[in-house]
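See structure below.
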Amino acid sequence: MKTESEKIDFSKVKIEPLFEESVDFDTFSKLDFRAVKVKECVAVPKSKKLLQFTLDDGTGTDRTIISGIHAYYEPEKLVGKTLIAITNLPPRAMMGIDSCGMLLSTIHEEEGEEKLHILMVDDHIPAGAKLY
């Protein structure tokens, strides 16, 4: 783990180009970004890539989101973390489980290898807090 004083060398990092197409504010404002707390995270049986998250989204009802990030994270390491999700996407069945949203992550290439980091935020942010 890097300390704050350590410099990170980004010279060998390759990122995707920015989109050239603009999105109007009304379209953007329809997306509901929320802080979510990971209550449980387990590997999806019969899948090498998928993790099943049980999330507190502040509503009092658990939310399930499936994410293909098992190559980058072990599920037990994510329990208790505060993540960011888009919560108003229509449910999508993955391996027979309805995924109700999408967790935000970053992706880049480093020395020819794909790297992914799930977006984690300060644990003082309550579940359900809206992002603007």
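The values are calculated or read from the model by the stated rules, or taken from the named source; none is laboratory data. Everything quoted here is computed from the prediction, not taken from an experiment. Glycine gets a Cβ as well: all are built from the backbone with ideal geometry, and neighbour counts include every protein chain shown. Note: accessible area is taken over every heavy atom of the protein model, side chains too, but ligands, DNA and RNA are not part of it. Shrake-Rupley method; radii C 1.70, N 1.55, O 1.52, S 1.80 Å.
Residues considered: THR54, THR61. Of these, the only one that is among the polar types (S, T, N, Q) and either under 16 Å from LEU119 (Cα atoms) or open to solvent by 50 Å² or more (accessible area, probe 1.4 Å) (or both) is THR61. Considering the range 69-112, the residues that are touching a Cys at 6+ places or on another chain (Cβ under 6 Å) and more than 20 Å from LEU131 (Cβ to Cβ) include one that is most open to solvent (accessible area, probe 1.4 Å), namely PRO91.
Within the range 15-28, residues that are assigned to a loop (DSSP other than H, G, I, E, B) reach partners that are of a type in the set (D, E, K, R) and surrounded by 10 or more Cβ atoms within 10 Å (Cβ to Cβ) with beta carbons closer than 9 Å, at six or more positions or on different chains, in the pairs ILE15/GLU109; GLU16/GLU109. Is the range 102-117 home to any residue that is in a loop (DSSP other than H, G, I, E, B) and of a type in the set (D, E, K, R)? The answer is yes, given that some residue of the range 102-117 is in a loop (DSSP other than H, G, I, E, B) and of a type in the set (D, E, K, R).
Give the residue, chosen from ALA35, ALA43, that is touching a residue at least 60 places away in the same chain (Cβ under 8 Å) and either crowded, with 19+ Cβ neighbours inside 10 Å or in contact with a helix residue (DSSP H, G or I) (Cβ under 9 Å, 6 or more places away or on another chain) (or both).
ALA35
Filter the range 5-24 down to residues that are among the small types (Gly, Ala, Ser) and at pLDDT 85 or above and give me whichever is surrounded by the most Cβ atoms within 10 Å (Cβ to Cβ). By that ranking, first place goes to SER22.
Of everything in the range 35-63 that is over 22 Å from ILE125 (Cβ atoms) and assigned to a loop (DSSP other than H, G, I, E, B), the residue that is nearest to the chain's Cα centre (by Cα) is LEU50. The set of residues in the range 30-61 being closer than 22 Å to LYS130 by Cα and either of a type in the set (D, E, K, R) or modelled with pLDDT under 95 (or both) consists of LYS30, ASP32, ARG34, LYS37, LYS39, GLU40, ASP56, ASP57.
Within the range 72-97, can you find the residues that are in contact (Cβ under 8 Å) with a residue 40 or more places away in the chain and over 24 Å from PRO126 (Cα atoms)? Residues satisfying the conditions are TYR72, MET94, MET95, ILE97.
Within the range 120-129, the set of residues being under 17 Å from the mean Cα position of the chain (by Cα) and open to solvent by 70 Å² or more (accessible area, probe 1.4 Å) comprises MET120, ASP122, ASP123, PRO126. Every test in (1) surrounded by fewer than 15 Cβ atoms within 10 Å (Cβ to Cβ); (2) in a strand (DSSP E or B); (3) β-branched (Val, Ile, Thr) is passed by ILE66 save one, and that test is (1).
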